[in-house]
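Each value in this text was obtained by applying a stated rule to the coordinates, not by laboratory testing. For clarity, every value in this text was computed on a predicted model and none was experimentally measured. Virtual Cβ from ideal backbone geometry, glycine too; neighbours counted across all protein chains shown.
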Amino acid sequence: MAAQGRHGGRKSNKMTALVVDDNMVNQTIHHRLLDNLGIENEAVSNGKEAVDIHCSGKTFDLILMDMDMPVMNGIEATRKLREMGIRSMIAGVSTRSMEREVQEFMEAGLDDYQVKPLTVSKLISIIHKING
Amino acid sequence: MERNPMRRQLQVMRKSLFDQGYLDEQFVQLEELQDDANPNFVEEVVTLYFRDSARLILNIEQALERKPFDFNKLDGYMHQFKGSSSSIGAKRVKAESTLFREYCKSGNGEGCMRTFQQLKKEYATLRKKLEAYFQVARQAGPMETACRPK
């Protein structure tokens, strides 16, 4: 994996990711999917926690952002992260599939969007975009 | 052909879960994440699902006791429940969730209540079948690889 991809991220040989999802089942699955691909990862439960972890100085190569979350949803969190200058790859991962909803999420600053449930092949296609 | 009788029984149970439409491809995705370092991953996720979703079912039950129905709230709960169900491959439960949400969107309270009763039945059946499946799985020992249902 690149030490510093075009989407930013720490200088490290290992890719890093942040899972942003309020659902514990999805957090567990996404964590395992990322682990399986050798990607160091952490999980937070809403958009505000995602923003806060970046404010603490951490950055990630990849952020998997759910849309519907309490406190701060994925659209708001994505917008805020981009305003903060976060250039990480942000992939929206949600069950929403209506064009209007996906467009609003994309316009907030996503690099990619995948419909849940997330699978190995969907995750690999996201990662290819980081390395591409 | 599996020689170990426990594993044969497990294969039969597994095939039945797919053939009868209780599970879909997403369950296979979970199985593929299971390995020597995470030998009980599928059971752990499924256990987490039933624990987590019990709370959502209770929320929906309580919301259905309040009149008039708050269809937005009901839809919100079911959206979360459907998401979890989808993530473990709970095909029938997911189908009832989808139907429930359609009734919410059309403001059909009777439809919501009827579908919710069916959903709870499917949920309870799935739970029972998966508990039995994992009990046999524990006795059979680790399976070699996940395989897609034919």
Exercise. Kindly provide the helix-only [θ] at 222 nm of chain B, computed as the sum of -39,500 (n - 2.57) over DSSP H runs of four or more divided by all residues, to the nearest 500 deg cm²/dmol?
Key: -25500 deg cm²/dmol
Quiz item: Cα extents of the stretch B:14-82 along the three principal axes, largest first, in whole Å?
Solution: 50, 27, 15
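With only Lys, Arg, Asp and Glu charged, each at its Cβ (+1 for the first two, -1 for the last two), find how big the charge dipole of the protein assembly as shown is about the Cα centre; round to the nearest 20 debye.
540
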Quiz item: Points 7 angstrom from Cα along the Cβ direction at A:GLU101 and A:VAL71: gap in nanometres?
Solution: 2.3
Exercise. Mind pulling the per residue volume of the convex hull built on the Cα atoms of the stretch A:16-131? Å³ is fine.
Key: 89
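Using 0.36 nm per residue of separation minus the Cα-Cα distance, give me the extension gain between B:THR47 and B:GLU110 in nm, one decimal. Intermediate values should be presented prior to the final figure.
Working: separation 63, 0.36 × 63 = 22.68 nm, distance 3.11 nm.
My answer for the length gained is 19.6 nm.
Fewest to most neighbouring Cβ within 10 Å: what's the order for A:ILE90, A:ILE39? Walk me through the intermediate numbers first.
Working: A:ILE90 28, A:ILE39 19.
With the sparsest Cβ surroundings first, the list reads A:ILE39, A:ILE90.
So how do B:GLU110, B:GLU61 line up by other beta-carbon neighbours within 10 Å, fewest first?
Values: B:GLU110 8, B:GLU61 12.
The fewest-first ordering by Cβ neighbours comes to B:GLU110, B:GLU61.
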Quiz item: Simple spin-label model, 7 Å along Cα-to-Cβ: B:GLU25 to B:GLN117 in nm?
Solution: 3.5
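Provide the gained length on full extension for the span B:GLN135 to B:HIS79, in nm with one decimal, where the gain is 0.36 nm per separating residue minus the Cα-Cα distance. Could you put the intermediate results ahead of the total?
Values: separation 56, 0.36 × 56 = 20.16 nm, distance 3.02 nm.
Full extension of this stretch gives 17.1 nm more.
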Quiz item: For the protein assembly as shown, what are the per-bin percents of Cα-Cα distances with bins 10 Å wide, up to the bin holding the maximum?
Solution: 6, 27, 31, 23, 11, 1, 0
Quiz item: Taking neighbour counts of Cβ atoms within 10 Å as a proxy for exposure, in what order, fewest first, do B:ARG51, A:ARG82, B:ARG92 appear?
Solution: B:ARG51, A:ARG82, B:ARG92
